[in-house]
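The structure under discussion appears below in the form of structure tokens.
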Amino acid sequence: MKTSKQNKLHWTMCLECQGLGKKKRRIRKQDRLRYQKALVVFNKSDGQGKPPTPLKHSLYPCEKCNGSGIIPSATQPIPDTDNYPHIAIIGGGIGGVALAVACLHRNIPFTLYERDHNFDARSQGYGLTLQQASKAMSGFGILELDAGIISTRHVVHTTDGTVIGEWGFRKWMQTDSQNKGKKTNVHIPRQSLRLALLDQLPSHNDVQWGHKLIDFKINEGEKTELNFQVDGQIIKTYADLVVGADGIRSTVRKLLIGEDHSPLRYLDCIVILGICPLKNLKGIESDLLDSATVFQTANGNERIYMMPFSSDSIMWQLSFPMAENDAKLLSSQGSKALKKEACKRTLWHNPIPQIMEATNESQISGYPVYDRALLTDEELSQERQITLLGDAAHPMSPFKGQGANQALLDALSLARGITKGCKWSSDWKENGIREQVLTEFEAEMLARSTSKVKDSAAAAKFLHSEIVLLKDDAPRGSTLKKNDK
Ligand SMILES: Cc1cc2nc3c(=O)[nH]c(=O)nc-3n(C[C@H](O)[C@H](O)[C@H](O)COP(=O)(O)OP(=O)(O)OC[C@H]3O[C@@H](n4cnc5c(N)ncnc54)[C@H](O)[C@@H]3O)c2cc1C
């Protein structure tokens, strides 16, 4: 297995902000007095007046840790098994490994279980775009992503190559408007991001590889019993808190909520993905192949999205509407059939047909696109010591590039919640982890991710409609919003 070049630093929780990365600003005396006066007036008004809005502490980034919640440490943090609950993390994908790292830095004891036998067990060949989460990476002790590529230009075309939209740093530099502070996106292969997170653990052997969760048994007031299939045997373990980070087809979710209650929801389209080495494109001149440009081309039905995958390859994602059974059949036919279908549908402007032809079949995959209905607080809160995060909690279509971003934010939020809710003075053993941690964590996670799930489902429709063909120097989601008004 390859490891990243990053020098291993140890990290520990920042005591200044208790690992939260943010501190509360004191309420100014004059504001407090004004509020108290308004409250007196209201109380005298016999309920006739308007109650004053309660004062809230505003938050600001902690200066000591630069808002990350962690600071460098000379030694590896030691799990505090006396005070914190033991966490069983089910699933060693992006969200599960991120949670393990965030627990490690905060001395929270955990065990990470992954059904695959090793890191490279299955092809996970696609790239991710880190948006909000790119800033959050410092909260995992990752200051630089060696394999990350920053795009500085995003272009939208019609099929003959006419540019109908352009934005990004290069465009903003030309106009020098108020866009200067805008964020840039980082593109990174999913496995490189997963590896950068895994490298934060003392050893990759800290993952319990080859452990497939089969079921769990909840014993009221006691630890939850977990049963794993390991090399054909059933192994039992116990944990204070179980976190299902086991993806869109989550076993934890199925056991907790039931598949029938919240089945996969087909989003009426298929995606076909490919990764093409730039060396296969020798002799093709195009400024779209400069490893810093993201581009998309659409015709109102099919849409292709291309982004740098690594410094020497480009990733494409073709999507189009298709009946579910046809999409399942096509994906089951394998990469040769997928390539043929993709090439047939994209005889468009250069260099698209060349890229499609030059992509090796072994680097092509395709799937029908699904999400699930949004979870409610009640569904999630059925068990006192079990929760979900990432795709297990809020699967979404890939069209807004938000799934991994949300999984990373969930992981940080849960680890911070455990630190806050289970500190030594908290009585979490008596009060319960749900009351101390999970209710607040789940409310924050659902509030943050709901619009992403909805927008990602909407994108599965409008990216394959005429709306993508409107001229607008902005992502197509904003084009839709402007035209909806
Ligand atoms: C084509 C494509 C492009 C995407 N692009 C982006 C993007 O640009 N930006 C973005 O933010 N997101 C993107 N996403 C979404 C993103 O990949 C997912 O949202 C993210 O990987 C979810 O992370 P997760 O940890 O919740 O689940 P996963 O990464 O799916 O990990 C789940 C893990 O659980 C393990 N597991 C499953 N069942 C069990 C079990 N019973 N016992 C033990 N282990 C188990 C699995 O083996 C797996 O390792 C994209 C997705 C696709 C398909």
Extension gain, Ser451 back to Glu383 (0.36 nm per residue minus Cα-Cα distance, nm): 21.9 nm
Per-residue [θ]222 nm for the chain (sum of -39500 (n - 2.57) over DSSP H runs n ≥ 4, rounded to 500): -8500 deg cm²/dmol
The stretch 201-247: GluC sites (Glu not before Pro) in DSSP coil with no more than 14 other Cβ atoms inside 10 Å: Glu220, Glu222
For the stretch 317-447, with +1 on Lys and Arg beta carbons and -1 on Asp and Glu, the positive-most of Ile364, Asn405, Thr376 along the dipole: Ile364
Model label zone, Arg190; criterion: amide N under 14 Å from point 7 Å along Cα-to-beta-carbon; scope the stretch 288-325: 316-317
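If you put +1 on each Lys and Arg Cβ and -1 on each Asp and Glu Cβ, how big is the dipole of the stretch 1-108 around its Cα centre, in Debye rounded to 20?
It comes to approximately 700 debye.
Taking the Cα centre as origin and putting +1 on Lys and Arg beta-carbons and -1 on Asp and Glu beta-carbons, what dipole magnitude results for the chain, to the nearest 20 debye?
In debye, rounded to 20, the chain gives about 1840.
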Principal-axis tilt of helix 403-421 within the chain, Cα atoms, nearest 10 degrees: 10
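Obtain the radius of gyration and the Kirkwood radius of the chain from its C-alpha atoms and give Rg over Rh.
Looking at the chain, the ratio lands at 1.00.
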DSSP-loop GluC sites (Glu not before Pro) across the stretch 237-338, with at most 15 other Cβ within 10 angstrom: Glu259, Glu285
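Within 10 Å of each candidate Cβ there may be at most 13 other Cβ atoms; applying that plus a DSSP loop requirement, which trypsin sites (Lys or Arg not before Pro) in the stretch 269-334 survive? Could you put the intermediate results ahead of the total?
On the way: sites: Lys279, Lys282, Arg303, Lys328; in loops: Lys282.
When the trypsin sites (Lys or Arg not before Pro) of the stretch 269-334 are filtered for loop state and at most 13 Cβ neighbours within 10 Å, Lys282 remain.
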Proximal aspartates and glutamates to Lys423, defined as alpha-carbon separation beneath 14 angstrom and excluding residues fewer than eight positions away on the same chain: Asp80, Asp82, Glu435
Principal axis dimensions, the stretch 265-371 - Cα atoms, whole angstrom, descending: 40, 27, 24
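Which shape class applies to the stretch 49-174: rounded if a/c is under 1.5, otherwise prolate when a/b exceeds b/c and oblate if not, where a ≥ b ≥ c are the square roots of the Cα gyration tensor eigenvalues?
Details: a/c = 2.14, a/b = 1.26, b/c = 1.70.
It comes out oblate by the Cα gyration axes.
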Among the listed pairs Lys212/Lys236; Lys420/Lys452; Lys328/Lys454; Lys23/Lys56; Lys24/Lys420; Lys420/Lys454, those beyond 20 Å (Cα-Cα): Lys420/Lys452; Lys328/Lys454; Lys420/Lys454
Whole-percent carbon and sulfur share, accessible surface of the stretch 265-371, 1.4 Å: 49
Equivalent ellipsoid, the stretch 363-449 (semi-axes from 5 times Cα gyration tensor eigenvalues, Å): 29, 14, 10
Probe 1.4 Å, accessible area per residue of the stretch 371-450, Å²: 36
Between helix 29-44 and the chain: long-axis angle, C-alpha atoms, 0 to 90°, nearest 10: 70
Antiparallel DSSP beta bridges within the chain, as percent of all bridges there, nearest 5: 75
For the stretch 209-257: rounded, prolate or oblate by the Cα gyration tensor [a/c cutoff 1.5]: oblate
Distance between modelled label sites at Ser286 and Ser203, nm, 7 Å Cα→Cβ extension: 4.7
Listed residues Ser478, Asn219, Ile257: farthest to the positive end of the dipole of the chain (Cβ charges): Ser478
Student exercise, the stretch 184-291 dipole from Lys, Arg, Asp, Glu Cβ charges, in Debye to nearest 20: 220
C-alpha long axis of helix 94-105 to longest principal axis of the chain, angle in °: 40
The chain - Cys residues lacking any other Cys C-beta under 4.7 Å: Cys103, Cys269, Cys276, Cys343, Cys422
Interchain or long-range residues, amide H under 5 Å from Ile164's placed H: Val156, His157, Thr158
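The values are calculated or read from the model by the stated rules, or taken from the named source; none is laboratory data. What you see is a predicted model; the values in this text were computed from it and never measured. Note: ideal-geometry Cβ built from the backbone for every residue, glycine included; neighbour counts use all protein chains shown. Surface accessibility is based on the protein's heavy atoms, side chains included, excluding ligands, DNA and RNA. Shrake-Rupley method; radii C 1.70, N 1.55, O 1.52, S 1.80 Å.
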